[in-house]
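J.: My questions all concern the structure below.
Values quoted throughout were computed directly from the atomic coordinates according to the rules given, and no laboratory measurement underlies them. Since the structure is predicted, the reported quantities are computational estimates derived from the model, not experimental observations. Cβ placement follows ideal geometry from the backbone for every residue including glycine, while neighbour counts extend to all protein chains displayed.
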Amino acid sequence: MNEILLMAHVMFGVGCILSTVWVFVDTLNARVANLMRIRRMSVAAAVFMWCAFLAGGYWYVVFYPADKAIILKGPWPFAHNYFMETKEHLVIMLLLLVTYLPIATANNLAANPAARRLVLWVAALIPLLGLMIEGHGAVIAMGVKAGLLAQPH
């Protein structure tokens, strides 16, 4: 269960990133014909991110304390002290942006260049933050592995 939940967390995060890249590309070519698709994909990005947050939050509360202890006793305590702590704060910004994206895409992006620019900025920031967070998660996972390998057998 632990691993499945963690994989779901990552896969929902990847779904958010891919959906937002789709929104970005479609917004570059915003026309009346693709406005509904832009709106649907922005909602999909928000749903994926909230699912990732819920899966990750549950995992963090239930399973992470054991991993945290391993990390802090191992050779990579910075995996928790810096990367997990930073990840927690970045996720809040990401949740705000991805929740705002469907609101921003409700404008007529084909006719409103200012609204289109806003959506492009938001849709560009989400994958960048998402990839940073994915990288932080990889360092945290390596911190657990390093801690397990450092334990006496």
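J.: State, as an integer percentage, the relative contact order of the range 17-153 based on alpha-carbon contacts under 8 Å between residues 6 or more apart. Let's see the in-between values first.
T.: Values: 140 pairs, mean separation 56.0, N = 137.
Once divided by the residue count of the range 17-153, the mean separation gives 41 percent.
J.: Below 19 Å, Cα to Cα, which aspartates and glutamates can LYS73 reach? Residues fewer than 8 away in the same chain don't count.
T.: Correct list for LYS73: GLU85.
J.: To continue, here is another question. Quick check for me: using +1 on Lys/Arg Cβ and -1 on Asp/Glu Cβ, what's the dipole size of the range 1-142 about its Cα centre, in debye to the nearest 20?
T.: On the way: 9 positive and 6 negative charges, 104 e Å.
With only Lys, Arg, Asp and Glu charged at Cβ, the dipole is about 500 debye.
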